[in-house]
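First up is the structure itself, then whatever we jot down about it.
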Amino acid sequence: MNKNNILVTIKKELRSMFRDKKTLFMIFGFPFVIAFFIFLMGFMEESVLGEGGTTYNVGFNYTINEVEETLLDSYPLEYDYYKDKDALEEAFELGEISGYVMFDDESKVYTIYTDTSMGGMNVSTFLATYLEDYNQYLGNLKLTNQNIDPLEIYDNFTIEMKNVSGEELSTSGFLVELVMSLSFTYIIMAITLAAVNMATSAIAVEKEHGTLETILTLPITTNELICGKYLANVIIGGVASLIGFALTVGSFGIAKNMFEIYEDFSISFGAIAWGIVICILASFLIGGMAIAITAKAKSYKEAQASGQILNYLCMIPIFMTYLDFKVSTTYYIVPILNYTTILMDLYTGNFEYINLLITILSTVVCIGVVLWLLLKTFKSEKVLFGE
Amino acid sequence: MLEVKNITKEFEKKISQKETIKFLADDDISFEAKEGEVVGILGPNGAGKTTLLRMIAGIMNPTSGEVLVDGKNHKDNSIEIKKDIAFLTGNTKLYKDISPYELLKMCGEYYGLSKDELDSRIDEIIKKFDMESFKHQRIDTLSTGQYQRTSISRCVVHDPKYYILDEPTSGLDVISSKVIIDFVKEAKANKKTILYSTHYMEEAENICDKIVMINKGKVIIIGTPEEIRKKTKTTNLRDSFFALIGGENNE
């Protein structure tokens, strides 16, 4: 193969990419979405738990006694008395309060009023828990008045929650796993989005615009042409994934010191190095797959549609995390799906070398198959001329 | 010399979801073009001209037969032959997002020209085709005439011996067509060998030394315009063509 022809083709493809705003966004803009998402989820999670300094204003149609005041102080709630339902409704509509409690002395019913917004849902949870605590307090008071120690009634056993490794189960663990799965999926998606976009212009758009035939008239073999296009695609995918990877790991690193939920995120030199290797390998495979999948398309639209399969494949690990799907070692043979999982393993301490080895080996084999397929596909005049 | 020897191209065509038929786009075509000769490839749309020229240019492989360029065949010397050929067709479009200068540079790099060689060649071509005013403009902003000049210039950046021009004036106005015709005449004067395909018979009559008439993938006659007119007892090539195909339906 003539190296000069391959280099000129790479240069041509990269120049064309740098003049295409859509692909540029995929490479440089999309990774920032990941970083934004990590901070957003940290902020939202703390808001839900009320640990981020968010407090909610609530109203009552009765005067709070000292005991209730003490109980309410343990919740992120600011409260006030309103004389009747109309006054409460007005304050709610004006946004002065996020919810209110009406007490009917005759029926002994407390009713919590709020809406379905996130703030409203939080307020209703806090108020319901506070009222349960108050109910418990009143029960305890009755028992004490009858000279019965409430602890003797209620303290029969202790409940502990731990994960399978024996560590304290954090309520935010699932959310962190979901955020990580989404973030690492986005890194792989950054490759597919950039590679499919690039492959579309490299083959289908060239066919549609008639420039592929122009190139074929030049002293270049189809193998050199495809190699050049493939390597340009790998470079683009690689750059997209490495930017995404750096931003993701960097964001988690910063967010770790800002939000409690990310405190278990572990960063080591080894994890970073292996992460880079995975991103590069993924670019080599996905870059080739994108060209192979879009090769037979005759138009931009057709190529974009056929390339979507890669994006859908990338999203599978998110659903697996959501459904708490446990994977075995054989799962790491499946390319594309295994990248997100191995990246998550690297940063959650679940990493095993055998899984990494399987991921690397399966990728190398798949790259070989894709390259063979590419060179075979582009021998066909049907593919080159669409005739 | 360029020799086309018994060249045949068979295609498969899908006529329904399950059925495909085989058909010959070109059937046993032979002719030759000598140095400095302009050979016109004439025929109606769908006659097999483009496929024939693609095979001669080496971007498509014949099912049987061979093309010899200075005694070399494509099978063993494809890259070497391509370096001697310029192929310009209605199907060979230009990249829209680059400038004519970048296009010439890219093509020159593919032809393996050294930096100095390429720079002086580009300067020469830009002057020759009067492209100075738009050489750094994006190709998609060029007028039809400027686009046509850019198309020709990219074909000649490596100073080829053979020109394969497939319906180069098709769809062009009189002024843009003149650019092409003038280019062909100048190339002929410089002893270049030219294959010129067209379905405009009058155009071929004006510039071609020899005519190869094709219909339905087969050569129906070869000769100088004068010989063909004499043989068919007609006064122009258009009438000659109809005289040769008789009442055949070309649809």
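The values are calculated or read from the model by the stated rules, or taken from the named source; none is laboratory data. As the structure is a computational prediction, the values presented were derived from the model and not from experiment. Note: ideal-geometry Cβ built from the backbone for every residue, glycine included; neighbour counts use all protein chains shown.
I need every pair where a residue in region B:191-217 that is more than 13 Å from B:SER170 (Cα to Cα) and assigned to a strand (DSSP E or B) has its Cβ under 9 Å from the Cβ of a residue that is at pLDDT below 90 and of a type in the set (Phe, Trp, Tyr), sequence separation at least 6 or different chains.
B:MET213/B:PHE241; B:ASN215/B:PHE241
Kindly check whether there is at least one residue in region B:142-150 that is within 14 Å of another protein chain (Cβ to nearest Cβ) and either under 29 Å from B:GLU12 (Cα atoms) or at pLDDT 85 or above (or both).
yes
Can you tell me which residue is nearest to A:GLU381 (Cα to Cα) among those in region B:7-44 that are under 21 Å from the mean Cα position of the chain (by Cα) and of a type in the set (Asp, Glu)?
If we take residues in region B:7-44 being under 21 Å from the mean Cα position of the chain (by Cα) and of a type in the set (Asp, Glu), then B:GLU10 is nearest to A:GLU381 (Cα to Cα).
If A:ILE10 satisfies all but one of (1) away from every other protein chain (no Cβ under 14 Å); (2) part of a helix (DSSP H, G or I), what's the number of the condition it fails?
Only one criterion in (1) away from every other protein chain (no Cβ under 14 Å); (2) part of a helix (DSSP H, G or I) is unmet by A:ILE10, namely (1).
Would you check which residues across region B:151-168 are among the hydrophobic types (A, V, I, L, M, F, W, C) and either more than 14 Å from every other protein chain (Cβ to nearest Cβ) or in a helix (DSSP H, G or I) (or both) and list them?
Of region B:151-168, the ones among the hydrophobic types (A, V, I, L, M, F, W, C) are B:152, B:155-157, B:164-165.
Once the filter is applied, which keeps residues that are among the hydrophobic types (A, V, I, L, M, F, W, C) and either more than 14 Å from every other protein chain (Cβ to nearest Cβ) or in a helix (DSSP H, G or I) (or both), region B:151-168 yields B:ILE152, B:CYS155, B:VAL156.
What's the number of the condition B:VAL38 fails, among (1) more than 14 Å from B:VAL69 (Cα to Cα); (2) modelled with pLDDT of 90 or more; (3) out of contact with any Cys (no Cβ under 6 Å at 6 or more places or on another chain); (4) among the β-branched types (Val, Ile, Thr)?
(3)
From the list B:LYS210, B:LYS233, B:LYS192, B:LYS216, pick out the single residue that is surrounded by fewer than 16 Cβ atoms within 10 Å (Cβ to Cβ) and modelled with pLDDT of 85 or more.
Values: B:LYS210 fails: surrounded by fewer than 16 Cβ atoms within 10 Å (Cβ to Cβ); B:LYS192 fails: surrounded by fewer than 16 Cβ atoms within 10 Å (Cβ to Cβ); B:LYS216 fails: surrounded by fewer than 16 Cβ atoms within 10 Å (Cβ to Cβ).
One residue alone meets the criteria, B:LYS233.
Every residue, every condition in (1) within 14 Å of another protein chain (Cβ to nearest Cβ); (2) at pLDDT 85 or above; (3) under 19 Å from A:MET289 (Cβ atoms); (4) touching a strand residue (DSSP E or B) at 6+ places or on another chain (Cβ under 6 Å), yes or no:
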{"position": "A:SER170", "(1), (2), (3), (4)": "no, no, no, no"}
{"position": "A:MET180", "(1), (2), (3), (4)": "no, no, no, no"}
{"position": "A:TYR186", "(1), (2), (3), (4)": "no, yes, yes, no"}
{"position": "A:ALA190", "(1), (2), (3), (4)": "no, yes, yes, no"}
{"position": "A:VAL196", "(1), (2), (3), (4)": "no, yes, yes, no"}
{"position": "A:GLU206", "(1), (2), (3), (4)": "yes, no, yes, no"}
{"position": "A:HIS209", "(1), (2), (3), (4)": "yes, no, no, no"}
{"position": "A:ILE215", "(1), (2), (3), (4)": "yes, yes, no, no"}
{"position": "A:LEU225", "(1), (2), (3), (4)": "yes, yes, yes, no"}
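With B:VAL219, B:VAL157 as the choices, which residue is out of contact with any Leu (no Cβ under 6 Å at 6 or more places or on another chain) and aliphatic (A, V, I, L, M)? Working first, answer last.
Working: B:VAL157 fails: out of contact with any Leu (no Cβ under 6 Å at 6 or more places or on another chain).
One residue alone meets the criteria, B:VAL219.
Go through A:GLY42, A:GLY53, A:GLY29 for me and flag whichever is modelled with pLDDT under 85, surrounded by fewer than 20 Cβ atoms within 10 Å (Cβ to Cβ) and not in a loop (DSSP other than H, G, I, E, B). Can you show your working first?
Working: A:GLY42 fails: surrounded by fewer than 20 Cβ atoms within 10 Å (Cβ to Cβ); A:GLY53 fails: not in a loop (DSSP other than H, G, I, E, B).
Result: A:GLY29 is the single residue among A:GLY42, A:GLY53, A:GLY29 that is modelled with pLDDT under 85, surrounded by fewer than 20 Cβ atoms within 10 Å (Cβ to Cβ) and not in a loop (DSSP other than H, G, I, E, B).
When you look at A:LEU242, is it at pLDDT 85 or above and farther than 30 Å from B:THR50 by Cα, yes or no? Break it down stepwise before answering.
Details: at pLDDT 85 or above: yes; farther than 30 Å from B:THR50 by Cα: yes.
It is true that A:LEU242 is at pLDDT 85 or above and farther than 30 Å from B:THR50 by Cα.
For A:GLY244, only one of the following conditions fails: (1) within 14 Å of chain B (Cβ to nearest Cβ); (2) buried (at least 23 other Cβ atoms within 10 Å of the Cβ); (3) small (Gly, Ala, Ser). What is its number?
If we test A:GLY244 against (1) within 14 Å of chain B (Cβ to nearest Cβ); (2) buried (at least 23 other Cβ atoms within 10 Å of the Cβ); (3) small (Gly, Ala, Ser), just (1) comes out false.
Which residues, counting only those in region A:265-298, are crowded, with 17+ Cβ neighbours inside 10 Å, more than 24 Å from A:THR23 (Cβ to Cβ) and out of contact with any Lys or Arg (no Cβ under 6 Å at 6 or more places or on another chain)?
Listed by number, the residues that qualify are A:ALA271, A:TRP274.
Out of everything in region B:98-121 that is surrounded by 16 or more Cβ atoms within 10 Å (Cβ to Cβ) and charged (D, E, K, R), what residue ends up being farthest from the other protein chains (Cβ to nearest Cβ)?
Of the residues in region B:98-121, the ones surrounded by 16 or more Cβ atoms within 10 Å (Cβ to Cβ) are B:98-113, B:118, B:121.
If we keep only those that are charged (D, E, K, R) too, we end up with B:102, B:105, B:109, B:121.
Values: B:GLU102: 8, B:LYS105: 10, B:GLU109: 5, B:ARG121: 15 Å.
Within region B:98-121, the match that is farthest from the other protein chains (Cβ to nearest Cβ) is B:ARG121.
Looking at (1) over 23 Å from A:GLY228 (Cα atoms); (2) in contact with a Cys (Cβ under 9 Å, 6 or more places away or on another chain); (3) not hydrophobic (A, V, I, L, M, F, W, C), which one does A:GLY288 not meet, given that it meets all the others?
(1)
If I filter region B:78-91 down to residues being of a type in the set (S, T, N, Q) and touching a strand residue (DSSP E or B) at 6+ places or on another chain (Cβ under 8 Å), which single residue comes out as surrounded by the fewest Cβ atoms within 10 Å (Cβ to Cβ)? Please lay out each step first, then the result.
Keep residues of region B:78-91 that are of a type in the set (S, T, N, Q), which gives B:78, B:89, B:91.
Still in the list and also touching a strand residue (DSSP E or B) at 6+ places or on another chain (Cβ under 8 Å): B:89, B:91.
Working: B:THR89: 24, B:ASN91: 18.
Here the answer is B:ASN91.
I'd like the residue in region A:80-122 that is at pLDDT below 90 and in a helix (DSSP H, G or I) and, out of all such residues, is surrounded by the most Cβ atoms within 10 Å (Cβ to Cβ).
A:ASN122
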